[in-house]
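Shown next, in structure tokens, is the structure this report addresses.
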Amino acid sequence: MPLVAGIDSSTQSCKIVVCDAGDGSVVREARAPHPDGTEVHPRAWWAALEEASAGLLDGVAAVAVAGQQHGMVTVDGDGEVVREALLWNDTRSAGAAEDLIAELGGPRAWAEAVDNVPGASLTVSKLRWFAENEPEAAARATGVMLPHDWLTWRLTGREGAPATDRGDASGTGYWSASGGGYRTDLLVRAFGRELDTPRVAAPAETVGYTPGGAVVAPGTGDNMGAALGLGLRPGDAVVSLGTSGTVFAVSETPVRDASGTVCGFADATGRYLPLVCTLNAARVLTATAGLLGTDPAGLDALALAAEPGAGGLVMLPYLDGERTPALPAAAGSLHGMRRDNMTAAHLARAAVEGMLCGLADGLSALTDRGVPVRRVLLVGGAARSEAVRRVAATVLDAPVAVPEPAEYVALGAARQAAWALAGTDAPPEWNAGGIAEEVGASPAPQVRARYAEVRRAVHGV
Ligand SMILES: Nc1ncnc2c1ncn2[C@@H]1O[C@H](COP(=O)(O)OP(=O)(O)O)[C@@H](O)[C@H]1O
Ligand SMILES: O=C(CO)[C@@H](O)[C@H](O)COP(=O)(O)O
């Protein structure tokens with residue numbers, strides 16, 4: 001069978017898998033790091049893509065990109081990037097989001113218009129911030145696109161107009177998953193005038209060709225890519241622990257949440273992908289490991305040595321501010337320190353528990369809004385941690401299964417590329433997502449209860 005490539009251009013790195021188009025088996029893979037920071041020039045993503053793909057894409061018949069969602073990439077009339085992209089985790093647009101909500105008549109009006117309530121993450125809020133704070137640069141912008149749109153366009157040698165897909169478009173705040181179209185009026189409200197936006201392609205459309213002649217598929221957002229890579233079915237929810245923490249499930253019907261907790265995204269196949277996102281996930285663990293002078297394996301051993309509840313020590317892990325709950329200016333904090341719990345093991349456990357309690361709240365938000373969840377699939381970099389897997393079984397209200405470790409976002413992009421190549425109605429049946437471990441439930445409801453108590457006391461939410 002022909003070879004296809006999937007590219008995951010996520011916050012911390014670019015990962016590429018080359019697969020057999022028939023069964024999805026991975027033939028070769030590579031990765032390259034992205035720079036740190038919440039504003040990044042897109043050329044850095046292209047450089048990482050070129051580094052990771054060197055020699056890797058020979059003989060590949062089709063390719064697709066799944067990228068970090070929401071990032072604001074603005075271009076001028078020559079197609080050149082106007083300023084560094086503001087990423088999903090850049091919180092400077094929090095005030096702009098509040099203004100937009102008030103101007104339209106409140107959160108419900110936004111949920112009805114675009115299935116989402118703007119927060120700092122959504123592209124629409126970033127456009128408002130840009131127009132208000134950098135008017136000279138903003139005046140040069142003629143178009144706006146998302147990270148995966150821009151990379152996809154570069155892959156085609158910038159031939160033709162840029163394209164996107166339903167999944168990533170649904171995270172802009174000016175495209176509606178349930179309405180199926182752009183809300184140019186909301187883009188104009190945010191930016192003050194119209195900007196060119198990418199055409200929204202069908203899920204398996206060919207949007208162009210690489211200079212070498214490979215089919216380029218539309219691509220999608222990274223969470224939609226993971227859903228496609230896992231072959232996610234209704235009843236399964238994903239808890240993904242990368243730079244962001246996300247909880248999501250596929251749904252045949254759109255979900256609109258006027259509280260703004262659940263984002264009403266589309267998936268990459270024509271369905272919907274209700275999703276809750278936290279700003280602080282795997283890097284809470286790396287930061288805590290650094291503080292304790294150890295590495296992820298050392299943190300794991302320490303966290304496993306402490307009892308559930310960390311002896312009363314609670315970490316609110318809002319190290320980079322927080323998106324859910326909406327606390328963009330928050331900092332992290334430690335509570336309940338006593339002489340007997342001031343140990344490295346208790347601190348490590350509190351970090352793992354704090355990170356996962358935010359995701360447990362996200363899972364409850366999904367089920368509260370009618371999304372059926374029978375099982376949780378735990379993926380992303382931090383799912384490699386045994387402590388994370390064990391603690392997940394104590395705080396998540398569902399059985400936890402861990403798929404075989406794999407780059408599911410990149411695999412989803414590769415599966416979409418194979419789909420575009422095949423030209424079939426449905427994506428090819430691949431064997432990905434086999435379960436490596438079922439984690440036995442060991443509920444410890446007091447952990448979440450204490451976390452909620454501390455969060456309410458400190459932040460009032
Ligand atoms: N064994 C582990 N324990 C905890 N964290 C880990 C482990 N292995 C990788 N990570 C973390 O996972 C993160 C990368 O996860 P990934 O899902 O690739 O993120 P992203 O897609 O956002 O770039 C890094 O912060 C890394 O430190
Ligand atoms: O903003 C969201 C989802 O709404 C994030 O999930 C980004 O899509 C970044 O993902 P990672 O780099 O953490 O995978």
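The values are calculated or read from the model by the stated rules, or taken from the named source; none is laboratory data. Values in this document were obtained by computation on a predicted structure and should not be read as measured data. Cβ sites come from the backbone with ideal geometry, for glycine too, and all protein chains shown count toward neighbours. Areas reflect the complete protein model, heavy atoms only, side chains present, ligands, DNA and RNA absent. Shrake-Rupley method; radii C 1.70, N 1.55, O 1.52, S 1.80 Å.
Suppose we filter 201, 190, 177, 169 for residues that are closer than 21 Å to residue 93 by Cα, open to solvent by less than 10 Å² (accessible area, probe 1.4 Å), among the small types (Gly, Ala, Ser) and touching a strand residue (DSSP E or B) at 6+ places or on another chain (Cβ under 8 Å); which single one remains? Outline the logic, then answer.
Working: 201 fails: closer than 21 Å to residue 93 by Cα; 190 fails: touching a strand residue (DSSP E or B) at 6+ places or on another chain (Cβ under 8 Å); 177 fails: closer than 21 Å to residue 93 by Cα.
The unique qualifying residue is 169.
For region 268-287, which positions are out of contact with any Ser or Thr (no Cβ under 8 Å at 6 or more places or on another chain) and away from ligand 1 (no atom under 14 Å from the Cβ)? Steps first, answer last, please.
Of the residues in region 268-287, the ones out of contact with any Ser or Thr (no Cβ under 8 Å at 6 or more places or on another chain) are 269-270, 280, 284, 286-287.
The answer is 269, 270.
Out of (1) touching a residue at least 24 places away in the same chain (Cβ under 8 Å); (2) part of a helix (DSSP H, G or I); (3) among the charged types (D, E, K, R), the odd one out for residue 158 is which?
Against the list (1) touching a residue at least 24 places away in the same chain (Cβ under 8 Å); (2) part of a helix (DSSP H, G or I); (3) among the charged types (D, E, K, R), residue 158 comes up short only on (2).
What's the total number of residues in region 41-64 that are open to solvent by 20 Å² or more (accessible area, probe 1.4 Å) and under 21 Å from residue 167 (Cβ atoms)?
Matching residues across region 41-64 total 0.
Please tell me if residue 161 is over 24 Å from residue 272 (Cα atoms), open to solvent by 50 Å² or more (accessible area, probe 1.4 Å) and either more than 16 Å from ligand 2 (Cβ to nearest atom) or at pLDDT 95 or above (or both).
Numbers: over 24 Å from residue 272 (Cα atoms): yes; open to solvent by 50 Å² or more (accessible area, probe 1.4 Å): yes; either more than 16 Å from ligand 2 (Cβ to nearest atom) or at pLDDT 95 or above (or both): yes.
Yes, satisfied.
Go through 375, 390, 369, 384 for me and flag whichever is at pLDDT 95 or above, open to solvent by 10 Å² or more (accessible area, probe 1.4 Å) and within 16 Å of ligand 2 (Cβ to nearest atom).
Numbers: 375 fails: within 16 Å of ligand 2 (Cβ to nearest atom); 390 fails: within 16 Å of ligand 2 (Cβ to nearest atom); 369 fails: within 16 Å of ligand 2 (Cβ to nearest atom).
None of the other options fit; the residue is 384.
Looking at region 1-20, which of its residues are open to solvent by 10 Å² or more (accessible area, probe 1.4 Å) and in contact (Cβ under 8 Å) with a residue 60 or more places away in the chain?
2, 10, 11, 12, 15
Tell me which residues, restricted to region 84-102, are open to solvent by 10 Å² or more (accessible area, probe 1.4 Å) and assigned to a loop (DSSP other than H, G, I, E, B).
84, 88, 89, 91, 92, listed by residue number.
Are there any pairs with C-beta distances below 9 angstrom linking a residue in region 106-124 that is more than 10 Å from residue 258 (Cα to Cα) and outside any helix (DSSP H, G or I) to a residue that is among the aromatic types (Phe, Trp, Tyr) and open to solvent by 20 Å² or more (accessible area, probe 1.4 Å), with the two at least 6 apart or on different chains, and if so which?
Every condition considered, the pairs that remain are 120/129.
Can you pull out the strands (runs of 3 or more DSSP E) entirely within region 165-271 that have at least 1 residues that are closer than 20 Å to residue 152 by Cβ and within 14 Å of ligand 2 (Cβ to nearest atom)? Full working, then the answer.
Values: elements: 235-241, 245-248, 263-266.
Per the criteria, 263-266.
Sort out which residues of region 279-302 are away from ligand 2 (no atom under 16 Å from the Cβ) and touching an Asp or Glu at 6+ places or on another chain (Cβ under 7 Å), and write them in order of number. Full working, then the answer.
Restricting attention to region 279-302, the residues satisfying the condition of being away from ligand 2 (no atom under 16 Å from the Cβ) are 288-302.
Across region 279-302, the qualifying residues are 289, 300.
Restricting attention to region 65-81, which residues are open to solvent by 20 Å² or more (accessible area, probe 1.4 Å) and under 27 Å from residue 413 (Cβ atoms)? Steps first, answer last, please.
Step one: of region 65-81, the residues open to solvent by 20 Å² or more (accessible area, probe 1.4 Å) are 76-78, 80-81.
Those that are open to solvent by 20 Å² or more (accessible area, probe 1.4 Å) and under 27 Å from residue 413 (Cβ atoms): 80, 81.
Among 371, 379, 391, which is the only one that is touching a residue at least 12 places away in the same chain (Cβ under 8 Å) and under 18 Å from the mean Cα position of the chain (by Cα)?
Matching residue, one of 371, 379, 391: 379.
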